[in-house]
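Student: Below: one structure in structure tokens.
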Ligand code: SF4
């Protein structure tokens with residue numbers, strides 16, 4: 001198999017014109033550029049708006065001052081260098097500052113902008129001690145960066161270390177290499193053997209792939225997914241909805257169907273996070289919702305398990321409905337247990353890009369809550385679930401319903 005090369009400087013991308021290379025090198029000076037020659041060869045260079053081009057080739061609008069370095073405040077979940085613990089059952093190892101390509105819409109751009117080593121300085125023995133000391137942890141996600149950019153030697157140490165912890169039932173490897181660099185998987189028999197021997201009846205390796213567009217599912221990419229499946233791994237796919245890449249119904253339908261066909265289960269569609277440099281890639285919440293719903297109407301139930309969520313500081317906020325007037329969301333996962341299961345209704349805002357935009361609908365404007373269930377009540381016997389009645393208040397003098405009782409947006 002031909003050796004894959006990394007291209008680290010936009011000025012070395014021969015398919016761009018000289019003028020484009022000069023113009024875009026300003027962007028790469030701020031937000032680095034990286035791609036494999038394999039991936040660059042998938043791009044249709046005759047089309048300036050080619051979706052795969054948008055995934056890795058910078059655009060000047062990235063320079064728009066907008067967004068935050070750490071939009072989900074991951075710093076607040078960091079318990080040790082390279083270890084995050086946000087949800088009780090899941091620990092994240094930030095083990096790698098390397099990727100097979102630099103996604104222009106990356107939500108962890110800070111790793112490539114700042115000194116990544118600080119955040120990915122995983123001390124493995126210490127990290128394993130932490131997991132051992134937390135029996136509530138059933139799932140560990142190894143990511144970065146890209147987990148499969150780690151050497152197979154280091155991956156072996158991580159996976160074998162986690163395999164020995166009985167309460168860890170799923171070891172997840174976050175990787176876009178099946179799209180950027182599938183040869184890394186296919187050419188490394190030791191990696192596949194490691195995955196094969198680490199899968200047991202009571203503990204499984206999950207590879208969290210990131211295919212953003214159906215054209216990334218080349219024969220060799222599918223072969224890499226197949227190799228992972230044959231080694232016993234479960235492959236789940238997650239992708240943000242990205243402007244100019246997959247923000248149309250036909251593309252999403254094809255992506256869902258092709259993922260289903262190759263065995264990479266469509267798992268999450270994410271709202272693109274408000275990260276620095278991500279301005280040109282955003283799609284508003286209501287538009288994403290309808291694109292996903294229309295695409296799902298066209299695919300079998302098997303492929304409709306994918307959820308549309310925002311990975312917000314407070315938890316995974318799933319968008320479950322949009323009507324002419326309202327946006328309905330639910331805490332699919334909550335960092336703070338008291339928010340588990342909360343179901344919230346906001347006034348429809350077609351300009352909203354992030355949960356914070358909805359939370360900004362204040363008492364004197366339009367935010368309302370209709371119902372919630374509290375899992376701690378289920379914990380106390382399972383028979384005491386209460387669902388609040390629709391609680392839209394009598395409109396205030398501005399004509400808006402306002403919040404229930406004395407709650408403030410910080411409660412949600
Ligand atoms: S693979 Fe993940 S971490 Fe790496 S650049 Fe893409 S989104 Fe960012």
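The values are calculated or read from the model by the stated rules, or taken from the named source; none is laboratory data. All figures in this text were calculated on a predicted structure; none of them were measured in a lab. FYI the Cβ positions are ideal-geometry reconstructions off the backbone, even for glycines, and counts take in every protein chain you see.
Student: Suppose we keep only residues that are closer than 16 Å to residue 155 by Cβ and assigned to a loop (DSSP other than H, G, I, E, B) within region 177-198. Which one would you say is nearest to the ligand (Cβ to nearest atom)?
Tutor: Checking each candidate, the answer is 181.
Student: Evaluate region 24-35: report whether one residue or more is without any contact (Cβ under 8 Å) to a residue 24 or more places away in the chain and over 21 Å from residue 239 (Cα atoms).
Tutor: Yes, that holds for at least one residue.
Student: State whether the residues of region 47-58 include one that is more than 30 Å from residue 5 (Cβ to Cβ), over 16 Å from the mean Cα position of the chain (by Cα) and modelled with pLDDT of 95 or more.
Tutor: Checked against the condition, which is being more than 30 Å from residue 5 (Cβ to Cβ), over 16 Å from the mean Cα position of the chain (by Cα) and modelled with pLDDT of 95 or more, region 47-58 yields no hits at all.
Student: Do we have any residue at all in region 234-243 that's over 17 Å from the mean Cα position of the chain (by Cα) and under 23 Å from residue 49 (Cα atoms)?
Tutor: Among the residues of region 234-243, not one is over 17 Å from the mean Cα position of the chain (by Cα) and under 23 Å from residue 49 (Cα atoms), which makes the answer no.
Student: Moving on. Within region 81-96, which residues are surrounded by fewer than 21 Cβ atoms within 10 Å (Cβ to Cβ) and either modelled with pLDDT under 95 or in the same structural domain as residue 37 (by TED's automatic domain parsing) (or both)?
Tutor: 81
Student: Looking at region 179-206 only, could you name the residues that are under 17 Å from the mean Cα position of the chain (by Cα) and more than 19 Å from residue 107 (Cα to Cα)?
Tutor: Correct list: 206 only.
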